[in-house]
Amino acid sequence: MKFVSTRDENSVVNGPQAVIKGISPEGGLYVPNEFPQLKNLEELIKLDYRELASYILNLYFEELGIDKIKEISEKAYDNKFPEEVVPLTFADGIFMELYHGKTHAFKDMALSVLPHLLKASLEEIGDENKVLILVATSGDTGKAALEGFKNVDGVEAMVFYPEGGVSEIQRLQMASQEGENLDVFSIVGNFDVAQTAVKKAFTDKEFQKDLLDLGYELSSANSINIGRLVPQIIYYVYSYLRLVDSEKIKMNDSINVCVPTGNFGNILASYYAKKMGLPIDKLIVASNENNVLTEFFTSGSYNSDRDLHLTSSPSMDILVSSNLERFLYHLSSADTKKISQAMENLDKDKNYIWGDFEDDLIFAGFADEEEISQAINSCYNNFSYVVDPHTAVAYSVYREYKEFSGDEKPTLIASTASPYKFPGKVLSSLGKEVPKDEFQRLEDLSELSHIDIPEDLSKLKTAKIIHDKVIEANQMQDIIKETIGGKNV
Ligand SMILES: *Cc1c(COP(=O)(O)O)cnc(C)c1O
């Protein structure tokens, strides 16, 4: 499969190259130049999660060979995950639980694949350099990347999270990370500051030359990397087939999906699944108070020139939603000029006008803090089901959509994090007292939900803090070089 840049039709690479590079040299994102079609769904229904993963990965990365791809799927979805990799919970909407991996957020679904995909890609291309993975994180990506890349040969990973911009559990998860090849820094500013600095490193030729002199080339584990996006297609196909299996729908009936959205990666993967032939009707894009996307899909203009709110769903506290660029590329039938112009405007003036959306593929809505609380509360009271604030954003917008449209189609709601990552907001939403101590909160939540605290989270209480450096965005490149240089001596 060939991948092409969203900003330059002449920048074309194959799958392994796209994974290694992460981003096209002129700043565009790699997209498949056509959508492979799923074979007969009747045949796919027999496959377990790993088998389906191999099938879908192979459609995009056939250069690696099916044996290698099978090995990648086996390693990625091994016993880090439960027997049922993506359980479904039926309530008002169908909760597709994507948070049963090592770090308890949906980022594990793709970041358990990416390191293996990257290693296989390096081998395939015969690249002898080491790889430096830079990650900007709003909380969940960082930890999932650290776990995914831990002790992977030939790879160093550095994670940057906004100081004060992640939940306490998320911070502890990252600050206590072990692994010789891993470093974590907090950065003064919000997620967009971190993401912009990382993106800049990817287009800074001089910086990259300095790194090459040290024997490293750069790659990204953020969802700008196509190697993140493709593994996310798998669970939409898989969950659809489980709905057929359990006779909630008939084969080829269409469904909707509703996704709590930040960088637009997860929902974009559902669009890819649709383009590959999965019967998905509406994409319901759910935002928190940072509702740039809601505004964009309603008005046709994108405006990131505003203050970022720090909300109870920090992984969606984003104003520049990177993967939207890919979506617009596909919608505009590969109009690289229009995309380049829009992204240049966004960079310079923090806005661009795209124009109206003709089809009604998308419904966009948002939930504020009060609505998030109501959604958590209503889910618990009606279905004895505890959801995290991100999932609650989706649930709230889903209910709004249903009321607005009267559409009763079965809808997959992406359930993106364990409520145990955000116990304070969950407890307060349920009208409970919120203890000062984060770990007491976990205990209280466990009592309410009758679900054990995940061990990885309870043991953070006594975990040793290993990473405590705070840096400014403009120090990033020097600190990276210093850190890498220090490891090479
Ligand atoms: C990253 C994340 C999101 C947003 O996903 P995108 O792919 O960036 O849109 C939503 N919820 C949780 C818990 C996340 O970690």
> How do the helices (runs of 4 or more DSSP H) wholly within segment 332-448 filter down when requiring 1 or more residues that are over 30 Å from Asn303 (Cα atoms) and among the aromatic types (Phe, Trp, Tyr): which remain?
Replying inline: 369-383
>> So, restricting to helices (runs of 4 or more DSSP H) that lie completely within segment 1-98, which ones have at least 2 residues that are of a type outside the set (Gly, Ala, Ser) and either closer than 22 Å to Val259 by Cβ or free of Cβ contacts under 8 Å to residues at least 60 places away in the same chain (or both)?
In response: 41-44, 49-60, 66-76
>> On the basis of being surrounded by 15 or more Cβ atoms within 10 Å (Cβ to Cβ), part of a helix (DSSP H, G or I) and in contact with a Phe, Trp or Tyr (Cβ under 8 Å, 6 or more places away or on another chain), does Leu293 make the cut?
In response: yes
> From the list Ala120, Ala110, Ala144, which residue is over 15 Å from the mean Cα position of the chain (by Cα) and closer than 28 Å to Tyr235 by Cα?
Replying inline: Ala120
>> Please count how many residues of segment 425-438 are surrounded by 14 or more Cβ atoms within 10 Å (Cβ to Cβ) and modelled with pLDDT under 95.
In response: 1
> of a type outside the set (A, V, I, L, M, F, W, C), in a helix (DSSP H, G or I), closer than 24 Å to Ser429 by Cβ and touching a strand residue (DSSP E or B) at 6+ places or on another chain (Cβ under 8 Å), is that true of Thr298?
Replying inline: no
>> Tell me which strands (runs of 3 or more DSSP E) are completely within segment 168-272 and hold 3 or more residues being within 16 Å of the ligand (Cβ to nearest atom), or say none if there are none.
In response: 255-260
> Is at least one residue of segment 24-44 modelled with pLDDT of 95 or more, under 28 Å from Val387 (Cα atoms), surrounded by 14 or more Cβ atoms within 10 Å (Cβ to Cβ) and in contact with a helix residue (DSSP H, G or I) (Cβ under 6 Å, 6 or more places away or on another chain)?
Replying inline: no
>> When the residues of segment 105-156 are narrowed to those that are surrounded by 24 or more Cβ atoms within 10 Å (Cβ to Cβ) and acidic (Asp, Glu), which ends up farthest from the ligand (Cβ to nearest atom)?
In response: Asp108
> If you check Ser322 against the conditions, is it within 16 Å of the ligand (Cβ to nearest atom), outside any helix (DSSP H, G or I) and not aliphatic (A, V, I, L, M)?
Replying inline: yes
> Quick one: would you say Phe296 is at pLDDT 95 or above and either away from the ligand (no atom under 16 Å from the Cβ) or over 17 Å from the mean Cα position of the chain (by Cα) (or both)?
Replying inline: yes
> Just checking, which of Asp349, Asp359, Asp317 is of a type in the set (D, E, K, R), at pLDDT below 95 and more than 23 Å from Thr416 (Cβ to Cβ)?
Replying inline: Asp359
>> Pairs needed: first member in segment 298-313, surrounded by fewer than 14 Cβ atoms within 10 Å (Cβ to Cβ); second member anywhere, at pLDDT 95 or above and assigned to a loop (DSSP other than H, G, I, E, B); C-beta distance under 6 Å; at least 6 residues apart or different chains.
In response: Gly300/Trp354; Asp305/Lys350
> What do you reckon, is Ala120 closer than 22 Å to Asp478 by Cα and of a type in the set (Gly, Ala, Ser)?
Replying inline: no
> Just one of Ala136, Ala197, Ala157 is modelled with pLDDT of 95 or more and among the small types (Gly, Ala, Ser); which is it?
Replying inline: Ala157
> Can you spot a residue in segment 406-417 that is at pLDDT 95 or above, touching a His at 6+ places or on another chain (Cβ under 6 Å) and either closer than 30 Å to Val257 by Cα or not β-branched (Val, Ile, Thr) (or both)?
Replying inline: yes
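The values are calculated or read from the model by the stated rules, or taken from the named source; none is laboratory data. Because the structure is a prediction, the values reported are computed rather than measured. Virtual Cβ from ideal backbone geometry, glycine too; neighbours counted across all protein chains shown.
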